[in-house]
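Data first, discussion second: the structure below is written as structure tokens.
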Amino acid sequence: MLTLYAWNTPNGQKPAILLEELGLTYDLVMIDIGKGDQHKDDFRVISPNSKIPALVDGEQTMFESGAILMHLAEKHGRFLPMSGQARIDTLVWTFWQVGGLGPMIGQWGHFSRAEEKIPYAIERYLAESIRLLEVMEEQLSKNAFLAGEEYTIADMMSFPWVKGGYQFINKASPDRLPPLTATRAWVETIDARPAVQAALKRLKPES
């Protein structure tokens, strides 16, 4: 029995996408981070860091999106090559997102929406977010997907952040973003996948 604890954020979308791509049956428990559900004692037993997502897979519990995707991909033998340069490249781009793209876009979003405006912080995180998007653009101008010609967990890790982050940055600072032609085409390709659409639909809170 699989249970995913998540909310409709980029980090919450990542494991839902992989679960749908794998065609697995899972229960979804929505953790409303706006109401502070992530700080409740029962959730902290699963996720000591009080962050979503978290996953219960039988008797195994885990948190952190990268760990969850690696666990599922390795267990089911899909979307993460077992060996060789392809595996290395997939892990490189997976952790590139974990350590760079997500945190930088997230911090820019935080400071740009904060009541107290700190120009240095806004500019720092905006500039680094754009730089990372340019790194991605260079990689995708040479490859169909981040780790090469195959769709992997590396793409599932970055897709939610790029789709939302590009829109937010483009709205706030349209004069700062380069064309990012290959990246936008990559977003459209992944966004059109039925499993991705199913994941995003399932996570959308009922109105």
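Each value in this text was obtained by applying a stated rule to the coordinates, not by laboratory testing. Note that the structure is predicted; figures quoted are calculated from it, not measured. Neighbour counts run over all protein chains shown; Cβ positions are idealised from the backbone, glycine included.
Taking θ as phi - 60°, what are the ³J(HN,Hα) couplings along segment 42-55 by the Karplus curve (6.51, -1.76, 1.60), each to the nearest whole Hz, with x for Gly and Pro?
5, 6, 5, 5, 8, 10, x, 7, 6, 10, 9, x, 9, 9
Antiparallel as a % of all DSSP beta bridges within the chain, to the nearest 5? Intermediate values should be presented prior to the final figure.
On the way: 9 of 13 bridges.
Close to 70 percent.
Using modelled backbone amide H atoms (1.01 Å from N, in-plane), which distant-in-sequence or interchain residues come within less than 5 Å of residue 29's amide H?
So residue 29 has HN proximity to 4, 5, 6.
Run through all the Cα pairs of the chain and give the fraction in each 5 Å bin from 0, expressed as whole percent.
Pair shares across the bins are 1, 7, 15, 19, 19, 17, 12, 7, 2, 0, 0.
Give, as a single signed number, the net charge of other residues whose beta carbon lies under 11 Å from the beta carbon of residue 71, with Lys and Arg counted +1 and Asp and Glu -1.
Details: positive: 75; negative: 57, 64, 74.
Once all neighbours under 11 Å are counted, the net charge is -2.
Once you keep just the Cα pairs under 8 angstrom separated by 6 or more residues, what percentage relative contact order results for the chain? Mind showing how you got there, number by number?
Working: 261 pairs, mean separation 51.6, N = 207.
Worked out over the chain, it gives 25 percent.
Most exposed first by the Cβ proxy, i.e. fewest other Cβ within 10 Å, how do 45, 187 rank? Mind showing how you got there, number by number?
On the way: 45 10, 187 20.
Arranged by neighbour count, lowest to highest, 45, 187 become 45, 187.
May I have the convex hull volume per residue, in Å³, for the Cα set of segment 84-191?
Numbers: hull volume 9.5 nm³, N = 108.
Per-residue hull volume (Cα only) is 88 Å³.
Hey, could you grab the Kirkwood Rh for segment 31-121? Inverse mean 1/r over distinct alpha carbon pairs, Å, one decimal. Write out the running numbers ahead of the final one.
Details: mean 1/r = 0.0642 Å⁻¹.
One over the average 1/r among Cα pairs gives 15.6 Å for segment 31-121.
Per DSSP helix of 4 or more residues, -39500 (n - 2.57); summed, then divided by the residues of the chain. What does that give at 222 nm, rounded to the nearest 500?
Values: 9 runs with 118 residues, N = 207.
Per the formula, -18000 deg cm²/dmol.
Can you sort 157, 136 by how many other beta carbons sit within 10 Å, fewest first? Intermediate values should be presented prior to the final figure.
Numbers: 157 29, 136 21.
Lowest to highest Cβ neighbour count: 136, 157.
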